[in-house]
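In what follows, a structure is listed as structure tokens, so that the remarks can point back to it.
The values are calculated or read from the model by the stated rules, or taken from the named source; none is laboratory data. Worth saying up front: this structure is predicted, and the values here are computed from it rather than measured. Quick reminder, even Gly has a Cβ in these numbers, built from the backbone with ideal geometry, and neighbours come from all protein chains shown.
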Amino acid sequence: MFGNWLKTSLLMAAIVALFGALGAALGGTQGMLMALAFGGAMNFFAYWYSDKLVLRMYDAHQVDAAGAPQLYNAVRELARNADLPMPRVYLIDQPQPNAFATGRDPEHAAIAATTGIVQLLTPRELRGVLAHELTHVKHRDTLISTVSATVAGAISMLAQFGLFFGGRSDNRPHPAVALIMIILAPLAAMLIQLAISRAREFEADRGGAEISGDPQALASALDKIEHHAKGLPLDVAERHPETAQMMIINPLSGAGIAGLFSTHPATQERIARLLAMAR
């Protein structure tokens, strides 16, 4: 728990530093001060409201035991197994099979699943996926993943704004320097996410297998999701790629060089580790 709080603090400090550097490149000292203030305000907003923003972005609607009995009851059972408070449960009306967890702590957590994943997986496989997401809640990964998604999107928008509206004045660097910062700022935000995401997915797989007591079911679910997700684009994720790292499987359709920026470990490696646990 302390490790994740430290990571979150470092991430927020890095975010403010990125905003400051970008502001300095676009507007000198005054731009840096304004960007630092904006970065601090963004951190405050991201901590308290980023989960609501992401759920609204995906048009997720909250469900209960009457509206989605299979999904809701599975989450309730697994949360009890994991000794966690019951999270809010959401459905996303999208055919791509995927799921994510969000919320700043276990008391304010939410689990969201697409209609595609509920229809694709067997009840046993779905339990494995939900247990994986509850492990993210238990490890408090959800705060850092949601904050990084929200702020990375804000940095990208700020960079694009600077590209189109930033001009040169006496206290600003050469436009080429500003252009480099505009390119590097969103890239740096993405690299922060990558440094966090890969290791935590392996840990969430392991914890999910323990909570559900069925590593083979999660391995089977990952294999199914990987094969079906490739042919079913998730439009919201394509428009907001900074949220891709929250999903159980990378939802983006990018190929070639985009693969270098994958926010998830190789699915086959994840499956191999889960099968080794089962043995």
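Using the structure shown, decide if ALA131 is of a type in the set (Gly, Ala, Ser) and either over 17 Å from ASN250 (Cα atoms) or assigned to a helix (DSSP H, G or I) (or both). Taking the combined requirement at face value, the residue satisfies it.
Scan segment 44-57 and give yes if some residue there is surrounded by fewer than 21 Cβ atoms within 10 Å (Cβ to Cβ), within 15 Å of ALA112 (Cβ to Cβ) and over 20 Å from the mean Cα position of the chain (by Cα), otherwise no. Within segment 44-57, not a single residue is surrounded by fewer than 21 Cβ atoms within 10 Å (Cβ to Cβ), within 15 Å of ALA112 (Cβ to Cβ) and over 20 Å from the mean Cα position of the chain (by Cα). Is one or more of the residues making up segment 116-129 modelled with pLDDT of 95 or more and among the polar types (S, T, N, Q)? Within segment 116-129 (the criterion being modelled with pLDDT of 95 or more and among the polar types (S, T, N, Q)), the answer is yes, since at least one residue qualifies. If I filter segment 35-55 for residues that are in contact with a Leu (Cβ under 7 Å, 6 or more places away or on another chain), of a type outside the set (A, V, I, L, M, F, W, C) and within 30 Å of ASP214 (Cα to Cα), do I get at least one hit? No - not one qualifying residue is present in segment 35-55.
Only a single item in (1) outside any strand (DSSP E or B); (2) without any contact (Cβ under 8 Å) to a residue 40 or more places away in the chain; (3) aliphatic (A, V, I, L, M); (4) in contact with a Pro (Cβ under 6 Å, 6 or more places away or on another chain) is not met by ILE111, and it is number (1). Screening ALA41 with (1) small (Gly, Ala, Ser); (2) assigned to a helix (DSSP H, G or I); (3) buried (at least 23 other Cβ atoms within 10 Å of the Cβ) gives one miss only, at (3). The set of residues in segment 13-30 that are more than 29 Å from the chain's Cα centre (by Cα) and either at pLDDT below 75 or under 14 Å from ALA41 (Cβ atoms) (or both) comprises GLY27, GLY28. For segment 134-148, the candidate set comprises residues that are part of a helix (DSSP H, G or I) and of a type outside the set (S, T, N, Q); within that set, the residue that is modelled with the lowest pLDDT is VAL147. Kindly evaluate GLY213 against the criterion of being loosely packed, with under 15 Cβ neighbours inside 10 Å, at pLDDT below 85 and of a type outside the set (Lys, Arg). Considered against the rule, which asks whether it is loosely packed, with under 15 Cβ neighbours inside 10 Å, at pLDDT below 85 and of a type outside the set (Lys, Arg), GLY213 comes out as no.
Just a yes or no: is a residue in segment 149-162 in a helix (DSSP H, G or I), modelled with pLDDT under 95 and under 22 Å from GLU107 (Cβ atoms)? Yes, segment 149-162 has at least one match.
Each row is one residue, and each column tells you yes or no for (1) in a helix (DSSP H, G or I); (2) without any contact (Cβ under 8 Å) to a residue 24 or more places away in the chain; (3) within 18 Å of the chain's Cα centre (by Cα).
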{"residue": "LEU218", "(1), (2), (3)": "yes, no, no"}
{"residue": "ASP223", "(1), (2), (3)": "yes, no, no"}
{"residue": "GLU226", "(1), (2), (3)": "yes, no, yes"}
{"residue": "GLN245", "(1), (2), (3)": "yes, no, yes"}
{"residue": "ILE249", "(1), (2), (3)": "no, no, yes"}
